[in-house]
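> Got a structure for you, written out below as structure tokens; questions coming shortly.
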């Protein structure tokens with residue numbers, strides 16, 4: 001037998017002049033947040049004052065009308081997943097399996113929340129005297145129009161007018177229902193943050209959805225109710241911890257390293273304690289997926305970076321387009337890299353400040369270092385900008401070179417005529433080479449004349465030496481005078497020979 005708790009009365013609303021109200025829920029396993037339109041989610045908080053040892057004893061019942069007793073109303077139900085939920089902890093059920101946002105337990109929301117209006121109730125099942133008894137607990141109803149139930153949601157905006165619209169619970173300090181629902185918007189960047197518009201300004205509101213430690217990560221999930229109880233459960237040591245984060249990929253090792261041995265996927269554990277990876281999976285690929293399941297006893301040290309190589313996991317990262325994911329034992333994606341296009345040789349795909357980059361400095365089991373080669377841009381011929389032309393003109397004026405005007409028999413404006421401008425001066429060694437070549441050529445052309453003149457010169461010197469010996473010392477002065485005259489005569493004749 002199902003016992004439904006109906007709250008009938010007048011709806012209420014309140015404009016907040018200061019800060020938005022704090023999230024608060026009634027006692028029991030109570031509804032804390034709900035998103036009805038668009039991407040639906042539902043969060044419940046344990047406010048029983050003690051630990052719930054088995055969540056699977058709780059069910060959710062959904063009706064497609066604000067009044068579940070109306071004629072023709074249909075309903076469906078979902079059992080919560082097996083698991084333990086401590087006092088003050090939350091369970092998050094979402095349609096898309098996105099961020100777990102600090103929830104201790106997560107599962108897929110298989111129910112559909114009707115935009116125009118509906119009724120949702122938490123029901124606890126138990127055996128009493130051999131009979132199955134279902135006891136109704138917390139509930140919420142909503143309508144796109146007016147909802148007459150006290151403390152419930154009224155005038156739900158459409159998904160088109162408020163695509164990010166969601167609601168959270170808070171305690172009413174004035175007369176009326178003890179708890180009310182506040183409209184908020186899921187933040188466009190941090191999907192774990194709800195923003196409330198106060199006096200026309202969007203203000204971060206209190207939210208039971210928590211952000212994990214950096215790198216961005218959150219508490220991992222347990223299996224949902226569709227799986228066999230006891231299988232694929234979160235290791236007990238991981239309850240309440242932040243999920244590991246995929247931090248670096250090495251998809252295309254450079255020689256002598258190989259793809260089959262040296263590719264790696266690196267995980268970061270942001271917790272102050274070890275994280276048990278038993279039953280977790282690494283997954284690669286964008287179309288064809290490949291999985292590696294961590295064996296029992298595999299763990300990540302506190303605040304550590306740990307690389308898992310292809311030789312051990314047998315996982316392959318594509319060189320042209322690839323991605324890696326980390327899945328919890330229930331198959332939920334809890335961390336994933338961005339998709340890369342083409343992987344350069346020897347570079348790793350690394351996470352830094354929330355973005356992914358290729359870096360020439362892979363850092364195995366260490367903090368990432370983004371190091372990218374500088375790109376050089378070239379200008380095509382004829383595509384110089386005005387600034388480039390001005391710079392070139394300034395440079396040519398600063399570094400001036402000699403100008404040589406070419407001889408021309410035609411007008412400078414006629415076709416084919418040109419001036420040689422900014423010609424570089426000839427190197428001195430070039431000039432010396434040309435001069436030596438000219439001297440060598442002249443010596444070759446006049447070699448016979450030079451030999452005759454040299455022969456005559458030698459005969460003359462021999463005759464002069466003989467005459468000088470015959471006259472003796474007495475005629476030394478006369479010979480000297482005669483020799484000087486003949487020497488002048490020879491110089492004159494020698495000059496005339498080479499001057500013709």
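The values are calculated or read from the model by the stated rules, or taken from the named source; none is laboratory data. Bear in mind that the values here come from a model prediction, so they are computed numbers and not experimental data. FYI the Cβ positions are ideal-geometry reconstructions off the backbone, even for glycines, and counts take in every protein chain you see.
> What is the residue count in the stretch 329-340 for residues that are modelled with pLDDT under 90 and touching a strand residue (DSSP E or B) at 6+ places or on another chain (Cβ under 7 Å)? Write out each step before concluding.
Start the filter on the stretch 329-340 by keeping residues that are modelled with pLDDT under 90, which leaves 329-334.
Next cut, touching a strand residue (DSSP E or B) at 6+ places or on another chain (Cβ under 7 Å) only: 332-334.
Count: 3.
> Okay, moving on. Quick one: residue 148 ticks every box in (1) touching a strand residue (DSSP E or B) at 6+ places or on another chain (Cβ under 9 Å); (2) within 21 Å of residue 121 (Cβ to Cβ); (3) modelled with pLDDT of 55 or more bar one, so which box is it?
Going through (1) touching a strand residue (DSSP E or B) at 6+ places or on another chain (Cβ under 9 Å); (2) within 21 Å of residue 121 (Cβ to Cβ); (3) modelled with pLDDT of 55 or more one by one, residue 148 breaks only (1).
> May I pose another question? Can you confirm whether residue 312 is assigned to a loop (DSSP other than H, G, I, E, B), modelled with pLDDT of 90 or more, surrounded by fewer than 20 Cβ atoms within 10 Å (Cβ to Cβ) and touching a strand residue (DSSP E or B) at 6+ places or on another chain (Cβ under 9 Å)?
no
> Is it true that some residue in the stretch 98-115 is surrounded by fewer than 22 Cβ atoms within 10 Å (Cβ to Cβ) and either part of a strand (DSSP E or B) or not assigned by TED's automatic domain parsing to the domain that holds residue 57 (or both)?
yes
> If you don't mind, another one. Within the stretch 71-89, track down each residue that is surrounded by 12 or more Cβ atoms within 10 Å (Cβ to Cβ) and either farther than 26 Å from residue 105 by Cα or not assigned by TED's automatic domain parsing to the domain that holds residue 121 (or both).
73
> Against the conditions (1) under 26 Å from residue 88 (Cα atoms); (2) part of a loop (DSSP other than H, G, I, E, B); (3) at pLDDT 90 or above, where does residue 208 fall short? Just the number, please.
(3)
> Let me ask something additional. So residue 85 ticks every box in (1) more than 18 Å from residue 243 (Cβ to Cβ); (2) touching a helix residue (DSSP H, G or I) at 6+ places or on another chain (Cβ under 7 Å) but one. Which box is left unticked?
It is condition (1) that residue 85 fails.
> Going through 184, 242, 254 one at a time, which residue ends up being closer than 18 Å to residue 328 by Cβ, at pLDDT 55 or above and either assigned to a strand (DSSP E or B) or not assigned by TED's automatic domain parsing to the domain that holds residue 102 (or both)?
242
> Just the residues that are surrounded by 14 or more Cβ atoms within 10 Å (Cβ to Cβ) and free of Cβ contacts under 8 Å to residues at least 40 places away in the same chain, please, taken from the stretch 24-53. First the steps, then the outcome.
First, pick out the residues of the stretch 24-53 that are surrounded by 14 or more Cβ atoms within 10 Å (Cβ to Cβ): 24-26, 28-48, 52.
Once the filter is applied, which keeps residues that are surrounded by 14 or more Cβ atoms within 10 Å (Cβ to Cβ) and free of Cβ contacts under 8 Å to residues at least 40 places away in the same chain, the stretch 24-53 yields 48, 52.
> Let me ask another. Could you pull out the residue among 140, 133 that is surrounded by fewer than 20 Cβ atoms within 10 Å (Cβ to Cβ) and either touching a strand residue (DSSP E or B) at 6+ places or on another chain (Cβ under 7 Å) or within 23 Å of residue 193 (Cα to Cα) (or both)?
133
> Which one of these is touching a residue at least 12 places away in the same chain (Cβ under 8 Å), within 38 Å of the chain's Cα centre (by Cα) and assigned to a loop (DSSP other than H, G, I, E, B): 158, 148, 174?
Answer to the check: 158.
> Being farther than 22 Å from residue 367 by Cα and not in a loop (DSSP other than H, G, I, E, B) is the filter; apply it to the stretch 323-352 and report the residue that is farthest from the chain's Cα centre (by Cα).
Filtering the stretch 323-352 for residues that are farther than 22 Å from residue 367 by Cα and not in a loop (DSSP other than H, G, I, E, B), the one farthest from the chain's Cα centre (by Cα) comes out as 327.
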